[in-house]
Amino acid sequence: MSLHAQDDPELRRAQAERLAAVWAPPQGLFLRWTDTNNNRVGVWYTLTAFAFMLFAGVLALIMRTQLAVPDNDLVSANSFNQLFTLHGSMMMFLFAVPMFEAVSILILPQLLGARDLPFPRLSAFGYWSFLLGGVFVGGSIFFNEAPDGGWFMYPPLTTRTDLSGLGADIWMLGLSFIEVSSVAAAVELIVGVLKCRPPGMRLNLMPLYAWYILVVAVMILFAFPPLIAGDILFEMERLLNWPFFDSTRGGDPLLWQHLFWIFGHPEVYIIFLPSIALFAMMIPTFARRHLLGYPWIVLAAVGTAFLSFGLWVHHMFTTGLPKISLAFFSAASEAVVIPTGVQIFVFIATLWAGRVTWSTPLLYATGSLAIFVIGGLTGVMVAVAPFDWQAHDTYFVVAHLHYVLIGGTLMPLFAGLYYYWPLITGKKLSDKLGRTAFWMLFLGANLTFFPMHFSGLEGMPRRVFTYPAELGIGGLNLASTLGAYLFAAGVAVICVDLALSPRRPKGIRNPWGAGTLEWLEDPNGDTNWGVRSIPLVSSRYPLWDQKDFVKKVDEGRFFLPDAEEGRRETIITTVLDARPLSVIRLGTPSFKPMMTAAALGGVFILTTFHLYFIALLCAFATLFMVLWWLWTGTAEIPEKECKPIGHGMKLPLYISGAASPGWWAMFITMMADATAFSGLVFGYYFFWTRHADFPPDDLAAAPGVFWPMVALAVALMSWASTVAARQLNAAGAVGAARALLAVGAAFSAYGIYAGLAGPWLSGMAPESHVYPAIVWTLAIWTAAHSGVAGIMQLYTLARSIAGRMTPKYDAEVRNITVYMHFFALTAIVTYATIGLFPEVS
């Protein structure tokens, strides 16, 4: 397509009509829910997370009403335990993290000038998993079966089935299901940022929001899997009586604390950094200038993420740690102030140097920074071990946590709501109602949580359902309760503002005069395609700096202005400098993501109620749905080699290997898998370092060396077969490649038996002691991966036989080779640990 051709208005009209037809959302009562476009899935995600936040807020109001006066009996102790557990769990797992992912799915494609993210069906699957898991966990309170062990579920209280009921299983399995959706969204966002940027948008031109999303999504990959590993151990103790946390049989409850807080502390930054990202988009807009210190703020974001993984032990200062550990983690906890301060000072400097337009979003942004700074200062206080020993598990910590979360998450999200609402709906929210709500929220938050510092220092422990009048903290608690109701009234004003929005007329495009790509979206155009043409970018603020930029985009004068083949497409670029690599065909509306999520949800939910046979059937249904999804919707061989995208450029319609989004998705997924596996291995060596009787004398010879070494040899043969199959297929020896895939699948199948034979034939009883329990767990994990390897090898073989994979179109075998590399590494670590380490320890 030449520039000259785009001068023809009839051509442009015809292109726009084809794009509109291709990207039209499905209609109908049921079919509309099969949509996968980021515009609609992002809205569903955001509204659902917002609804969960309101529900959790109501639970908090009930708690504050109970605590308004001493010796109150509004709710029982058991109900109060359920209320605070569900409130904390929903705010963290069903609101804070999902809301960041929802907003990112909604605006990231527009921010990158892409038509959509690379795996829209994965986004839809993540949403349906989130919805089902959230309703399951949140709805449990209506049946008096909500979890009641606190949002970090410390054992042994929660692992003993005689002390905790079904709620602990609901928490563990329901939230594990939700964690699947979080990891799925993280994969989608990372690949989107790395591979779907517009031509010219090098890494140093990327919007800061995209930088933050990249950093946070990577943090999710390394933070959530240790919790998943802990969940596995936790549920195996509850369901199978394997004593990972039972000290009478060699277990150790501190292992759970380590695994939980390796997740839990980065979690705070996972939900805080996206809020900073929103500031990074708003402040240049309202300061009317580029953000100062772009490289410094990127380095500060990366530094914050790095340091956040070295702080988890400061949650465990009271567990009797060595002095050197106390000193190290105390210093590390205080060091995180440095990159955080850099980011805040950059924002202040940008406002100082600019011509500030005070607006409702900026009001929320500055107010939230003030609240967050108070939370940060008290964070420095509890990072000092002697102070933490005094304040630990008191209301001082409750105050600190809520100042951080409200200032670092909730208020910035309201700022983002007022900022981006015109982008989503074309209508601005009311400034009058917004500013009224802000002051109610600001005053309410401080009235609620500032007195808690003093009630905590006076000795009020957290999680008590009542307190005696003699403590003298009734006035402080009454003030907190009044503040909570004022805060809730502020939220209600925002809800009223949102409810009135449909009655208001649409406004102008880009009403704030922003300079970044997301404001190319024309909400008045009623289109679903994102951008009319994918732009060539040479500035961080192209709408400000590139001449006639919006006009050229709208007239299709950049790339991919048409949809001649009637397919949803976007451009894939290189990771570092965003050079165009290919055009990929995107997933269209489908019920498969919804059905796959329902089947997987059945596995988790039915296991909660010990309906194992039906849960197993759901597991098979999930496997069938995944294979069907992959077979019919991925690695499609195109009808032609290349297609023109404009400006005389032609791009291939099929790529494989390290250049393709599918390869990156597999690599990133396996990074998460390897991190979860590391959590289990950490458990093995944790027991060994802390307990002299690990392994116990009567089990020291088990599982022996022979079977683990056989299993390792078989795993490596399976890996080698797949690698050789990839090479032979690329060389055109298709028959030999198929034979090697079949051989590899046979090795993988035998690897299941060989992996389990060691502990099985050695008579290791996992209920008797933690040593056989952790050995069995590592063996089962690796055997399960061997089974998955076999399925992948057979699937690839079937694709080859069916003519869907050829020497030229070979994405399947290249992608499963990535899996096999990680599988081989897993087998080496597992079998060396359980087979060889007992011999040398």
Selection from the stretch 691-700 of residues that are open to solvent by 80 Å² or more (accessible area, probe 1.4 Å) and either of a type in the set (Gly, Ala, Ser) or modelled with pLDDT of 90 or more (or both): ALA692
In the stretch 464-493, the residues that are part of a loop (DSSP other than H, G, I, E, B) and within 15 Å of ASN72 (Cβ to Cβ): VAL464, PHE465, THR466, TYR467, PRO468, ILE473
Members of the stretch 523-554 found to be touching a helix residue (DSSP H, G or I) at 6+ places or on another chain (Cβ under 8 Å), crowded, with 18+ Cβ neighbours inside 10 Å and assigned to a loop (DSSP other than H, G, I, E, B), listed by number: ASN528, TRP529, GLY530, VAL531, ARG532, SER533, PRO535, VAL537, ARG540, TYR541
Any hit, the stretch 116-131, residues being of a type outside the set (Lys, Arg), open to solvent by 40 Å² or more (accessible area, probe 1.4 Å) and out of contact with any helix residue (DSSP H, G or I) (no Cβ under 8 Å at 6 or more places or on another chain): no
Only listed residue being open to solvent by less than 40 Å² (accessible area, probe 1.4 Å), of a type outside the set (Val, Ile, Thr) and within 17 Å of LEU117 (Cα to Cα), chosen from PRO580, PRO638, PRO589: PRO580
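Can you say whether PHE604 is surrounded by fewer than 21 Cβ atoms within 10 Å (Cβ to Cβ) and among the aromatic types (Phe, Trp, Tyr), as far as the supplied structure shows?
No, not satisfied.
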Considering residues of the stretch 27-59 that are in contact with a Pro (Cβ under 6 Å, 6 or more places away or on another chain) and hydroxyl-bearing (Ser, Thr, Tyr) only, the residue nearest to ALA185 (Cα to Cα): THR36
Unmet criterion (only one of (1) part of a helix (DSSP H, G or I); (2) farther than 25 Å from ALA599 by Cβ; (3) open to solvent by less than 10 Å² (accessible area, probe 1.4 Å)) for TRP171: (2)
Which numbered condition LYS506 misses (of (1) under 30 Å from LEU433 (Cα atoms); (2) in a helix (DSSP H, G or I); (3) in contact with a Gly (Cβ under 6 Å, 6 or more places away or on another chain)): (2)
Any chance PHE224 is over 15 Å from VAL298 (Cα atoms), open to solvent by less than 10 Å² (accessible area, probe 1.4 Å) and either outside any helix (DSSP H, G or I) or at pLDDT 95 or above (or both): no
Test: residue in the stretch 567-574 that is in a helix (DSSP H, G or I) and either at negative phi or open to solvent by 30 Å² or more (accessible area, probe 1.4 Å) (or both): no
Of the criteria (1) outside any loop (DSSP other than H, G, I, E, B); (2) within 27 Å of ILE508 (Cβ to Cβ); (3) modelled with pLDDT of 95 or more; (4) of a type outside the set (Ser, Thr, Tyr), which one LEU429 fails: (1)
Verdict on ALA676 being in contact with a Phe, Trp or Tyr (Cβ under 9 Å, 6 or more places away or on another chain), in a helix (DSSP H, G or I), open to solvent by less than 20 Å² (accessible area, probe 1.4 Å) and touching a residue at least 12 places away in the same chain (Cβ under 8 Å): yes
Leading residue by the ranking (nearest to TRP519 (Cα to Cα)) among those in the stretch 189-207 that are in a helix (DSSP H, G or I) and open to solvent by 10 Å² or more (accessible area, probe 1.4 Å): LEU205
Helices (runs of 4 or more DSSP H) wholly inside the stretch 249-350 containing at least 3 residues that are within 26 Å of LEU417 (Cβ to Cβ): 253-287, 294-308
Test: residue in the stretch 270-286 that is closer than 27 Å to ALA168 by Cα, of a type outside the set (Lys, Arg) and within 27 Å of the chain's Cα centre (by Cα): yes
Some residue of the stretch 73-91 being touching a helix residue (DSSP H, G or I) at 6+ places or on another chain (Cβ under 7 Å), among the acidic types (Asp, Glu) and in contact (Cβ under 8 Å) with a residue 40 or more places away in the chain: no
Cβ pairs under 8 Å, 6+ apart, first in the stretch 557-582 and under 15 Å from PRO535 (Cα atoms), second of a type in the set (Asp, Glu): LEU560/GLU569; THR570/ASP116
Count of the stretch 641-654 residues which are modelled with pLDDT of 95 or more and in a loop (DSSP other than H, G, I, E, B): 2
Of all residues making up the stretch 378-391, the number that are touching a His at 6+ places or on another chain (Cβ under 9 Å) and either in a helix (DSSP H, G or I) or open to solvent by 50 Å² or more (accessible area, probe 1.4 Å) (or both): 7
Test: residue in the stretch 448-471 that is free of Cβ contacts under 8 Å to residues at least 24 places away in the same chain, in contact with a Gly (Cβ under 8 Å, 6 or more places away or on another chain) and not small (Gly, Ala, Ser): yes
Residue tally, condition out of contact with any Gly (no Cβ under 9 Å at 6 or more places or on another chain) and either of a type outside the set (A, V, I, L, M) or surrounded by fewer than 17 Cβ atoms within 10 Å (Cβ to Cβ) (or both), over the stretch 679-690: 7
Verdict on ILE190 being closer than 20 Å to LEU59 by Cβ, within 14 Å of the chain's Cα centre (by Cα) and not aromatic (Phe, Trp, Tyr): no
Residue identified as open to solvent by 10 Å² or more (accessible area, probe 1.4 Å) and at pLDDT below 90 among TRP358, TRP296, TRP312: TRP312
Filter result for the condition that a residue is within 23 Å of LEU410 (Cβ to Cβ), crowded, with 21+ Cβ neighbours inside 10 Å and either small (Gly, Ala, Ser) or touching a residue at least 12 places away in the same chain (Cβ under 8 Å) (or both), over ILE344, ILE371: ILE371
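The values are calculated or read from the model by the stated rules, or taken from the named source; none is laboratory data. Being a predicted model, the structure only gives us computed values, none of them experimental. No Cβ is skipped: glycine too gets one built from the backbone with ideal geometry, and neighbour counts run over all protein chains shown. Side chains are part of the model used for accessible areas, which takes the heavy atoms of the whole protein and leaves out ligands, DNA and RNA. Shrake-Rupley method; radii C 1.70, N 1.55, O 1.52, S 1.80 Å.
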